[in-house]
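Here's the structure we're looking at; comments come further down.
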Amino acid sequence: MQQVNHVGHVSADRAGLWYGLLGVLSFSLTLPATRVAVAYLDPTVVGLGRALVAAVLAALLLRATRQRLPTRAELRSLAIVASGVILGFPFLSAWALRQVPATHGAIVIGLLPLATAFAAAVRVGERPSWQFWLASLAGSAIVIVFALVSGGGGLQMADLALLGAVAAGALGYAEGGRLARTLGGWQVISWALVLGAPFISIPVGIALWQHGAAAPPSAWLAFSYVAVVSQFLGFFAWYRGLALGGVARVSQIQLLQPFLTLVASALLLHEQVTLATVLVALVVMLTVALGRRAAVARPPVKALYNEVHSPGSG
């Protein structure tokens, strides 16, 4: 029986990594697409308006599949998810990408795996080993140095916005991965979008009234990508991967995202990718890849289920 449990655990971990990779592939075009969209559309329209489009799709899917309503405890977790991946990360990253190239943003966003692992330790109760933290901290230090050097010796306002996006995204990822173990991956992002829609509709409406919506087809195509894929479909695979393989471990796959984003930015936006940028991306990838091999203790699903469904939770 113990061998069967071990095989099942290994199988779940492997499946989690593959789902996580699919999510990262979906997210890797987010920054280049956002860069194209914000060149013509207001950052509020791009950063928050994409969630309104995704919320319509989410509401239709929830209704068609007749999903149960979230419990009170699940609603609290969904509020955290919404504040991180629907409000904080999209808006802050969209604003920053009006100031810096997508290639620069990709490197700073490289801090997201470490930040997500930290959030997993706080919110999910996962306990990465010291080898994991050492490798992740080394990669993060390299990212900070790169941001300082490329910013002329000091952090730009865009870098601060990107760091805020990292913090928001990490919290939303960790909480969503935690909740997906009991509620389901696509249900988490769908309910978060529906619950967040009323709060973001007002600023989006004001931005459209003040700045309009005139933009070429390329901008609207980019907006469609971040709305349908980055904000909705990509999370189906991402949250399932976090739930199966563990938040801290699977989040490290995002180490590949800066490199994929650099390639996409060079091909789609013709942005210059310097040798230093590529070297930084490769070194960061190496450090977090080493950390991914380190041990990470995870709480059992039963403990999370009891917490969510305890008396008075819904």
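The values are calculated or read from the model by the stated rules, or taken from the named source; none is laboratory data. Everything quoted here is computed from the prediction, not taken from an experiment. FYI the Cβ positions are ideal-geometry reconstructions off the backbone, even for glycines, and counts take in every protein chain you see.
Does at least one position in the stretch 97-106 carry a residue that is surrounded by 24 or more Cβ atoms within 10 Å (Cβ to Cβ), touching a strand residue (DSSP E or B) at 6+ places or on another chain (Cβ under 7 Å) and in contact (Cβ under 8 Å) with a residue 24 or more places away in the chain? Walk me through how you get there before you give the answer.
First, the residues of the stretch 97-106 that are surrounded by 24 or more Cβ atoms within 10 Å (Cβ to Cβ): 97, 102-106.
Remaining after also requiring touching a strand residue (DSSP E or B) at 6+ places or on another chain (Cβ under 7 Å): none.
For the stretch 97-106, residues surrounded by 24 or more Cβ atoms within 10 Å (Cβ to Cβ), touching a strand residue (DSSP E or B) at 6+ places or on another chain (Cβ under 7 Å) and in contact (Cβ under 8 Å) with a residue 24 or more places away in the chain: absent.
Matching residues to (1) closer than 25 Å to LEU244 by Cβ; (2) outside any helix (DSSP H, G or I); (3) β-branched (Val, Ile, Thr); (4) over 16 Å from the mean Cα position of the chain (by Cα):
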position: ALA51; (1), (2), (3), (4): no, no, no, no
position: ALA55; (1), (2), (3), (4): no, no, no, yes
position: PRO70; (1), (2), (3), (4): yes, yes, no, yes
position: ALA73; (1), (2), (3), (4): yes, no, no, yes
position: LEU92; (1), (2), (3), (4): no, no, no, no
position: THR116; (1), (2), (3), (4): yes, no, yes, no
position: VAL122; (1), (2), (3), (4): yes, no, yes, yes
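Looking only at the stretch 187-217, which residues are in a loop (DSSP other than H, G, I, E, B) and hydrophobic (A, V, I, L, M, F, W, C)?
Of everything in the stretch 187-217, those that are in a loop (DSSP other than H, G, I, E, B) and hydrophobic (A, V, I, L, M, F, W, C) turn out to be ALA213, ALA214, ALA215.
For the stretch 23-49, which residues satisfy the criterion of being hydroxyl-bearing (Ser, Thr, Tyr), in a helix (DSSP H, G or I), surrounded by fewer than 24 Cβ atoms within 10 Å (Cβ to Cβ) and out of contact with any Pro (no Cβ under 6 Å at 6 or more places or on another chain)?
We begin by selecting, within the stretch 23-49, every residue hydroxyl-bearing (Ser, Thr, Tyr); these are 26, 28, 30, 34, 40, 44.
Of the ones still in play, those that are also in a helix (DSSP H, G or I) are 26, 30, 34, 44.
With surrounded by fewer than 24 Cβ atoms within 10 Å (Cβ to Cβ) added as a condition, the list becomes 26, 44.
Result: SER26, single match.
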I'd like the full set of residues that are without any contact (Cβ under 8 Å) to a residue 24 or more places away in the chain and in a helix (DSSP H, G or I), limited to the stretch 57-68. LEU60, ARG63, ALA64, THR65
Across the stretch 261-288, the tally of residues that are surrounded by fewer than 16 Cβ atoms within 10 Å (Cβ to Cβ), hydroxyl-bearing (Ser, Thr, Tyr) and assigned to a helix (DSSP H, G or I) stands at 0
Restricting the stretch 183-196 to residues that are surrounded by 21 or more Cβ atoms within 10 Å (Cβ to Cβ) and farther than 16 Å from ARG76 by Cβ, the one modelled with the lowest pLDDT turns out to be GLY185
